[in-house]
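As structure tokens, the structure follows; a few thoughts come after it.
The values are calculated or read from the model by the stated rules, or taken from the named source; none is laboratory data. The model shown is predicted, which means the values in this text are computed figures rather than measured ones. So basically every Cβ, Gly included, is an ideal-geometry build from the backbone, and we count neighbours across all protein chains shown. Remember, those area values only see protein heavy atoms, side chains included, never the ligands or the DNA or RNA. Shrake-Rupley method; radii C 1.70, N 1.55, O 1.52, S 1.80 Å.
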Amino acid sequence: MRSDERNMRTGMIARVADVLGAFTAEQPVLRVSEIARRSGLAKSVTSRIVADLIDEDFLERADQGVRVGIRLFELGELAQRSKELRRFALGAMADLRQATGLTVQLSVLKATDQVYVEILQGRGTQLDMRSRVGGRVAAYATAGGKAVLAHSAEEAVEQALAIDMAPLGPRTITDPALLRRHLARVRVEGIAYEDEESNVGITCAAGAILRPDGSPIAAISVTGRAGQIDMSQFAPAVKTAALGLNRRIRSNAVFNNL
């Protein structure tokens with residue numbers, strides 16, 4: 001991407017943020033002219049942005065103007081759920097890092113990607129990873145993604161494997177049939193591995209965090225340098241952390257809806 005394209009994109013994001021930031025709890029419905037005044041944007045620019053946001057359901061028409069739409073409500077719900085999940089799992093993540101010394105990650109499946117909710121860096125390590133808090137990596141190429149997919153409904157698995165499974169690392173599994181065999185083994189063993197599949201030089205082990213009915217909520221994983229550690233040695237600690245979280249979830253009804 002050229003620098004001028006990056007600047008244009010950043011400028012548009014800032015303008016959209018200004019438009020959305022005009023709404024308050026006290027004044028949830030605004031006319032375009034008022035949005036323009038509050039955002040400092042020209043009315044013509046504001047009108048175009050508002051129209052686009054309405055088309056995408058980020059805003060919706062109201063009797064006296066426009067208001068926040070269902071898409072923003074849905075995103076807010078997702079953010080709150082991620083916050084609750086992070087708070088719930090943070091203690092177990094810290095214990096797992098203390099036990100292994102490795103980087104610990106908490107991630108959830110969204111469509112075809114694994115989204116990272118929290119990452120605790122390992123002691124004295126600085127890994128060159130694709131993952132970052134709020135970032136996405138294709139589920140088929142991650143240990144966390146495989147841990148979740150192994151316990152997911154068939155529709156979710158089909159969706160995750162229907163995309164172009166391009167190689168992200170030197171050992172990415174790009175054959176859907178082969179990956180399905182891996183998922184079957186994960187269901188039996190309770191642990192998923194990644195060996196330079198999402199990144200060069202990265203190895204991971206992950207366990208699924210499950211609801212009482214066995215459906216997945218998230219994955220907890222540890223990450224280290226490929227070729228320097230035997231990740232199977234850390235699998236028991238990962239399984240213990242996941243099982244401990246699963247036991248706590250059984251007595252915490254809020255996570256049945258996450």
Quick check: pseudo-label points 7 Å beyond the Cα along Cα→Cβ at Asp52 and Val16, how many nm apart are they? 0.7
If you take every residue apart from Ala156 with its C-beta less than 15 Å away from the C-beta of Ala156, what net charge results, scoring Lys and Arg +1 and Asp and Glu -1? 0
Arg86-Glu34 FRET efficiency (beta carbon distance; Förster radius 30 Å; 0.05 resolution): 0.25
Residue-count net charge about Thr46 - beta-carbon cut-off 14 Å; Lys, Arg +1, Asp, Glu -1: +3
With only Lys, Arg, Asp and Glu charged, each at its Cβ (+1 for the first two, -1 for the last two), find how big the charge dipole of the chain is about the Cα centre; round to the nearest 20 debye. 640
Full-extension gain in nm, Arg250 to Arg67, via 0.36 nm per residue minus C-alpha separation: 62.0 nm
Can you tell me the 0 to 90 degree angle between the C-alpha axis of helix 235-250 and the longest principal axis of the chain, rounded to 10? 50
Considering only DSSP states other than H, G, I, E and B, which GluC sites (Glu not before Pro) in the stretch 29-123 qualify as loop sites with at most 16 other Cβ atoms within 10 Å? Glu56
Heavy-atom accessible area order for Tyr193, Tyr116, largest first, 1.4 Å probe: Tyr193, Tyr116
When the helices in the chain are scored as -39500 (n - 2.57) per DSSP H run of 4 or longer and the sum is shared across all residues, what 222 nm value do you end up with, to the nearest 500 deg cm²/dmol? -14500 deg cm²/dmol
Using only Cα atoms, tell me the angle between helix 176-189 and the longest principal axis of the chain; keep it within 0 to 90° and round to the nearest 10. 60
